[in-house]
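The values are calculated or read from the model by the stated rules, or taken from the named source; none is laboratory data. Nothing here was measured: the structure is a model prediction, and the numbers come from that model. Cβ placement follows ideal geometry from the backbone for every residue including glycine, while neighbour counts extend to all protein chains displayed. The accessibility values were calculated without ligands, DNA or RNA, using every heavy atom of the protein model including side chains. Shrake-Rupley method; radii C 1.70, N 1.55, O 1.52, S 1.80 Å.
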Amino acid sequence: MIKKNSLSQVSYLTVIHEFAGSIFLSLILAVLTICLPQAAVAHEKPPTGGVTLFQKVRIFDGKSAVLSAPSNVLVRGNKIETISAQPIAVDRRADTRIIDGGGRTLMPGLIDMHWHAMMVRPTPAMLLSSDLGYSNLLAGAEATSTLMRGFTTIRDMGGPVFGLKRAIDEGLLPGPRIYPSGAVITVTSGHGDFRQFSDLPRTLGGMLSRIEQLGGAMIADSPDEVRTRVREQLMQGASQIKLTAGGGVASPFSPLDVSTFTEPELRAAVEAAENWGTYVATHAYTPASIQRSIAAGVKVVEHGHLMDEATAQLMAEKGIWLSTQPFLDMSPAAALGPQEQEKMRQVVTGTDTAYELAKKYNIKTAFGTDVLFSQALAERQGQMLASMTRWYTPAEVLIMATSTNGELLALTGLRNPYPGKLGVVEEGALADLLLVDGNPLENIDLVADPDKNFLVIMKDGGIYKNKLPN
Ligand SMILES: [Zn+2]
């Protein structure tokens, strides 16, 4: 009896404990739900302030090769509400802004598909040795400059950018929308592994290297490690995942010709990203690294400068995106050593072929600049866009940097940090707009001097620049 009693007492106590435990747990969960900042998952947008009416503008809508007839465009909140050739009536409230376009061009904000917001201004040595607070402030200053060049959205292809993105979204400082990848995921010796020989050997569970501590790159040498690193980026708010499938220019120990991740490693990343509703983009120059990426389910190839005919054909057949950059000279490698410069030379040699193949096979092609370690180069962001007329008409170039890039951004599905249409001027789209002093479809060089020619810059319905006389 005693035994039975004590037993039932034990189970009674257990029940009490479990009950109390579950109440306690529920309380903790409730408190956490209320108190934890939700910002890690979804950000509240800053108030964008009322209504803006653009009058007498001709619209480049991001898709058509010709401007519209003179039109009026009404923005309410952060969206384009009405586009009409007829006058649009608005309340003359205090928060209603009327902008007389005077026949100038209204176009979508520009999108850069390959950007590294945290790595534009510092040198590699500064990035690795500086305090992260300083790096963030430096990146914040650059983010404001980026927006002032008319780039209202960037897809960040590697770097500890989550804090900067949050600060911009909260309205702490002006900057573009950021689609963050978080840390680049690489292998030992791969592109993004900035360790020295003295840091070897790597021990699983051992101390992280500096670039890993910063969240700039994470090293992963097995499918399991890849999965962990991918999920860590997704947990922090990555909208897509970036892996380096082959060698890169700026990394000291990764020759351009090598393939880095095995196919099962790449597939582990793709599975983890797809389970999360989004996709993997790989850094890949060579046919081998591109083809392995495609076999593993990668949706977007970054760079592709050394691709060949068969690879281009495969990309077209499978509907794989090419997110590439017009590298036409050695300036991207100006801050790097002689070995890195030699690798840059090889990439530059491939640029013409890559664009010609992309055109020949009608590959879905996105525009980006991949500016690294140079503020001076970043100031040429618009010039890099204009340089694309080497292969495309001005209209094709501008369509690529707006609606086509917007299409690629949408691959993030439910992980899209800015749900809504980007890169187009149409009713219901997000209000990222530039008022250009002239017609960029006729004179693309207008985008190369944004300071002079972009008179109004709007992002998310908010006006960040207005140089029109009042
Ligand atoms: Zn890059």
Whichever residue in segment 173-191 is within 16 Å of the ligand (Cβ to nearest atom) and more than 14 Å from the chain's Cα centre (by Cα) and, among such residues, is most open to solvent (accessible area, probe 1.4 Å): HIS191
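For (1) among the charged types (D, E, K, R); (2) modelled with pLDDT of 95 or more, each residue gets a yes or a no:
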| position | (1), (2) |
| --- | --- |
| GLY205 | no, no |
| ALA217 | no, yes |
| SER222 | no, yes |
| ARG227 | yes, yes |
| ARG231 | yes, yes |
| GLY237 | no, yes |
| GLN240 | no, yes |
| VAL249 | no, no |
| PHE253 | no, no |
What are the residues in segment 203-235 that are of a type in the set (A, V, I, L, M, F, W, C) and either surrounded by fewer than 17 Cβ atoms within 10 Å (Cβ to Cβ) or part of a loop (DSSP other than H, G, I, E, B) (or both), if any? LEU204, MET207, LEU208, ALA220, MET235
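Which count do you get for residues in segment 236-294 that are in a strand (DSSP E or B) and surrounded by 24 or more Cβ atoms within 10 Å (Cβ to Cβ)?
Taking segment 236-294 and keeping what is in a strand (DSSP E or B), we get 241-244, 246, 259, 280-284.
Next, from what is left, pick out any that are surrounded by 24 or more Cβ atoms within 10 Å (Cβ to Cβ): 241-244, 246, 280-284.
Total satisfying the criteria: 10.
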What are the pairs, 6+ residues apart or on separate chains, where a residue within segment 345-368 that is part of a helix (DSSP H, G or I) has its Cβ under 6 Å from a residue that is open to solvent by less than 10 Å² (accessible area, probe 1.4 Å) and among the small types (Gly, Ala, Ser)? ALA354/GLY304; LEU357/ALA312
Of (1) closer than 28 Å to PRO124 by Cα; (2) within 16 Å of the ligand (Cβ to nearest atom); (3) buried (at least 22 other Cβ atoms within 10 Å of the Cβ), LEU408 satisfies every one except (1)
Residue among ALA295, ALA316, ALA281, ALA268 that is farther than 21 Å from HIS114 by Cα, in contact (Cβ under 8 Å) with a residue 40 or more places away in the chain and of a type in the set (Gly, Ala, Ser): ALA268
Quick check on segment 369-386: of everything there that is buried (at least 21 other Cβ atoms within 10 Å of the Cβ) and assigned to a loop (DSSP other than H, G, I, E, B), which residue is farthest from the ligand (Cβ to nearest atom)? PHE373
THR389: open to solvent by 10 Å² or more (accessible area, probe 1.4 Å) and β-branched (Val, Ile, Thr), yes or no? yes
Confirm whether ASP451 is more than 19 Å from LYS63 (Cα to Cα) and either at pLDDT 95 or above or open to solvent by 30 Å² or more (accessible area, probe 1.4 Å) (or both). yes
Do you know which residues across segment 318-344 are assigned to a helix (DSSP H, G or I), of a type outside the set (S, T, N, Q) and within 25 Å of the chain's Cα centre (by Cα)? LYS318, PRO332, ALA333, GLU340, LYS343, MET344
Out of MET384, MET458, report the one residue that is over 21 Å from ARG97 (Cβ atoms) and touching a residue at least 40 places away in the same chain (Cβ under 8 Å). MET384
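Given MET307, MET330, which one is at pLDDT 95 or above and either within 16 Å of the ligand (Cβ to nearest atom) or touching a helix residue (DSSP H, G or I) at 6+ places or on another chain (Cβ under 9 Å) (or both)?
MET307
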